[in-house]
Amino acid sequence: MEIWGMPVRDILKYITSGEISATEVLECYLNAIREADPEINAFIDVLEPTARMDASRVDALLREGDSPGPLAGLPVAIKDNICVKGARCTCGSKILENWISPYDATVIKLLRDQGAVIVGKTNLDEFAMGSSTETSAYGITRNPWDLRRVPGGSSGGSAAAVAAGMAPLALGTDTGGSIRQPASFSGVCGLKPTYGLVSRYGVTAYASSLDTVGPFGETVWDCALLLEAIAGHDPLDATSAAGEPAAYTKRLEGSVRGLRVGIPRELLNGVSAQVRELFDNTLSTMEDMGMIVEEMSIPPVAHAVEAYYVIAAAEASSNLSRFDGVRFGRRAPAGTLDEMYTKSRGEGLGKEVVKRILLGTFVLDSGNKDRYFMRAARVRTLIKREFEKAFDNFDLIVSPASPDVAFKIGEKIEDLLTMYLADLITIPVNMAGLCALSMPMGFVDCDGAALPCGLQIIGKPFDEPAVLKAGYLLEQEIEAGIREEVSSMRRKLNPVRECELVD
Ligand code: GLN
């Protein structure tokens with residue numbers, strides 16, 4: 001039996017029935033990492049020894065007839081801005097190069113308690129600021145579909161790890177699109193949960209009022225499974241929502257007949273012709289399934305990017321002030337306190353991060369606060385209200401997940417405005433505190449490579465069940481072609497991958 005490439009659902013079934021061990025599954029993925037990661041660089045650290053301990057704990061429980069939990073033995077890759085006890089948490093930054101986390105984030109504790117195997121820490125744009133994973137101090141991550149291209153960002157390492165078959169599941173964070181856009185560029189599924197549904201305790205804050213933690217998986221079912229494991233109230237996170245999360249995997253089946261789906265005109269601005277064509281085909285499939293698709297408008301989203309970059313930078317400038325060489329990470333030798341701050345931050349933080357801290361400090365300055373920050377906050381309220389109104393008439397809102405397919409490495413890094421503008425489709429969801437799924441809707445031929453492209457399904461706050469169900473049922477209609485492309489891409493990256501099961 002070949003473990004590698006097997007659907008997560010089957011891996012889980014075979015582990016719990018004792019037909020394969022968690023250790024065998026882990027070794028199979030560690031081999032895949034050894035083979036593919038030197039080219040892709042999805043991982044900052046692979047946690048081999050502790051992952052082996054996690055896996056053998058699961059195997060021991062199973063041998064004794066105990067249940068290791070719903071994630072029994074599934075390897076999960078973790079974005080490197082989420083704390084895993086005893087492992088480095090670099091956030092993609094030089095300033096935290098040697099910082100070891102003294103505790104587990106709540107999401108990591110939940111994963112471990114439910115039998116997951118924490119396989120490694122994945123690459124990201126420095127402090128999650130970016131859309132391409134090019135601003136990491138640990139090298140760029142390459143897109144498994146075309147090594148000349150970016151995997152998206154900032155959770156590019158997590159997306160690429162799942163896409164290339166180096167981990168069946170991964171966690172990322174999404175402040176303005178950092179799960180959904182890399183999922184789109186890398187041909188995997190990713191979910192940005194409703195703000196407050198998943199604990200942020202132990203997750204390095206970028207823009208606290210927008211940050212969320214969410215799952216990556218190959219399929220919608222995989223995302224539902226991982227979300228189920230990490231959702232829920234956490235007294236350690238003051239913004240965590242009260243109430244019981246749903247059993248997401250149990251609510252995927254059924255019908256979407258009669259579901260009202262809105263397509264905001266503003267989210268189609270700037271979408272490339274090839275992505276538009278795929279999107280229109282997907283809408284036809286949705287109509288064939290009985291959904292009622294209608295174009296509509298949410299005017300204030302046109303200003304979402306400007307308002308987002310003011311708010312996110314303002315919050316980042318405050319959140320990142322703790323990285324000053326005193327308590328965390330790298331401290332530069334210096335004669336005075338001021339010099340120590342300046343040198344530690346100057347040497348430890350990258351260009352993009354410094355730019356955002358300066359911008360954030362500027363918009364919060366007493367003379368500028370009303371003009372920029374307060375105005376941006378008002379735009380945010382308007383966006384939120386307009387979405388609320390839209391959801392009076394629609395059950396779901398749908399758009400492409402990104403205006404185009406993955407761009408080439410280096411193509412946008414010098415022209416940041418185009419990089420920022422490409423976030424237009426994902427940012428409004430964070431501004432309004434909604435949930436949204438990004439799932440593959442097909443491929444576009446580009447320079448001799450088939451490049452994946454994602455669909456975004458947006459739902460009301462805490463309506464993850466509706467979003468996941470629509471995605472799951474739609475996936476059955478478009479699945480076959482996608483699976484074939486995924487297998488052939490992975491065979492190219494791992495020409496000799498076979499994981500034989502020892503009886
Ligand atoms: N690209 C956006 C930014 O740079 C979003 C990043 C994110 O979601 N973490 O801020």
Original post:
Residues in region 137-154 that are in contact with a Leu (Cβ under 6 Å, 6 or more places away or on another chain) and either within 16 Å of the ligand (Cβ to nearest atom) or of a type in the set (Gly, Ala, Ser) (or both): how many?
Top reply: 1
Original post:
List the pairs whose first member sits in region 1-26 and is without any contact (Cβ under 8 Å) to a residue 12 or more places away in the chain and farther than 25 Å from Glu479 by Cβ, whose second member is part of a helix (DSSP H, G or I) and of a type in the set (D, E, K, R), and whose Cβ atoms are under 7 Å apart, counting only residues at least 6 apart or on separate chains?
Top reply: none
Original post:
Which pairs have Cβ atoms under 6 Å, sit 6 or more apart or on different chains, and link a residue in region 173-194 that is within 13 Å of the ligand (Cβ to nearest atom) to one that is at pLDDT below 95 and of a type in the set (D, E, K, R)?
Top reply: Gly176/Asp423; Gly177/Asp423
Original post:
How about region 6-91: which helices (runs of 4 or more DSSP H) wholly inside it have at least 2 residues that are out of contact with any strand residue (DSSP E or B) (no Cβ under 7 Å at 6 or more places or on another chain) and closer than 21 Å to Gly156 by Cβ?
Top reply: 22-40
**OP:** Please go through region 156-170 and pick out each residue that is within 13 Å of the ligand (Cβ to nearest atom) and closer than 20 Å to Tyr472 by Cβ.
**Re:** Ala159
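Hey, could you check region 409-449 for residues that are touching a Gly at 6+ places or on another chain (Cβ under 6 Å) and farther than 16 Å from Val271 by Cβ and say which is farthest from the ligand (Cβ to nearest atom)? Walk me through how you get there before you give the answer.
At the first step, the residues of region 409-449 found to be touching a Gly at 6+ places or on another chain (Cβ under 6 Å) are 423, 426-427, 430, 435, 437-440.
With the extra rule that they be farther than 16 Å from Val271 by Cβ, the set shrinks to 430, 435, 437, 439-440.
Working: Asn430: 7, Cys435: 14, Leu437: 15, Met439: 18, Pro440: 20 Å.
By that ranking, first place goes to Pro440.
Name the residues in region 114-136 that are within 11 Å of the ligand (Cβ to nearest atom), crowded, with 24+ Cβ neighbours inside 10 Å and either at pLDDT below 95 or assigned to a loop (DSSP other than H, G, I, E, B) (or both), would you? Explain how you work it out, then say what you get.
First pass over region 114-136, keeping only residues within 11 Å of the ligand (Cβ to nearest atom): 124-133, 135.
After this cut, where a residue has to be crowded, with 24+ Cβ neighbours inside 10 Å as well, the list is 124-133.
Once the filter is applied, which keeps residues that are within 11 Å of the ligand (Cβ to nearest atom), crowded, with 24+ Cβ neighbours inside 10 Å and either at pLDDT below 95 or assigned to a loop (DSSP other than H, G, I, E, B) (or both), region 114-136 yields Leu124, Asp125, Met129, Gly130, Ser131, Ser132, Thr133.
Each row is one residue, and each column tells you yes or no for (1) surrounded by 13 or more Cβ atoms within 10 Å (Cβ to Cβ); (2) of a type in the set (Ser, Thr, Tyr); (3) at positive phi.
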| position | (1), (2), (3) |
| --- | --- |
| Arg345 | yes, no, no |
| Lys351 | no, no, no |
| Thr361 | yes, yes, no |
| Ala377 | yes, no, no |
Subject >> Residue list for region 7-49, restricted to those being at negative phi, in contact with a Gly (Cβ under 7 Å, 6 or more places away or on another chain) and not hydrophobic (A, V, I, L, M, F, W, C) >> reply: Asp45
Original post:
Inside region 450-460, can you point out the residues that are surrounded by fewer than 24 Cβ atoms within 10 Å (Cβ to Cβ) and either within 16 Å of the ligand (Cβ to nearest atom) or among the charged types (D, E, K, R) (or both)?
Top reply: Lys460
Subject >> Complete set of residues in region 195-216 that are in a loop (DSSP other than H, G, I, E, B), more than 11 Å from the ligand (Cβ to nearest atom), aromatic (Phe, Trp, Tyr) and touching a helix residue (DSSP H, G or I) at 6+ places or on another chain (Cβ under 6 Å) >> reply: Tyr201
Original post:
Of all the residues that make up region 391-408, how many are within 20 Å of the chain's Cα centre (by Cα) and either within 12 Å of the ligand (Cβ to nearest atom) or acidic (Asp, Glu) (or both)?
Top reply: 2
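Taking Ala160, is it touching a residue at least 60 places away in the same chain (Cβ under 8 Å) and either within 23 Å of Glu411 (Cβ to Cβ) or part of a helix (DSSP H, G or I) (or both)? Spell out the reasoning first.
Numbers: touching a residue at least 60 places away in the same chain (Cβ under 8 Å): yes; either within 23 Å of Glu411 (Cβ to Cβ) or part of a helix (DSSP H, G or I) (or both): yes.
Yes.
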**OP:** Answer with yes or no whether Ala334 is hydrophobic (A, V, I, L, M, F, W, C) and under 30 Å from Ile383 (Cα atoms).
**Re:** no
Subject >> Scope region 409-421; condition touching a Ser or Thr at 6+ places or on another chain (Cβ under 6 Å) and outside any loop (DSSP other than H, G, I, E, B); matching residues >> reply: Met419
**OP:** Scan region 255-282 residue by residue and report those that are out of contact with any helix residue (DSSP H, G or I) (no Cβ under 9 Å at 6 or more places or on another chain) and outside any helix (DSSP H, G or I).
**Re:** Arg257, Gly258, Ser272
Original post:
Thr342 fails exactly one of the following numbered conditions: (1) more than 16 Å from the ligand (Cβ to nearest atom); (2) under 26 Å from Glu294 (Cβ atoms); (3) polar (S, T, N, Q). What is the number of that condition?
Top reply: (2)
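The values are calculated or read from the model by the stated rules, or taken from the named source; none is laboratory data. The model shown is predicted, which means the values in this text are computed figures rather than measured ones. Reconstructed Cβ throughout: ideal geometry from the backbone, glycine too, with neighbour counts over all protein chains shown.
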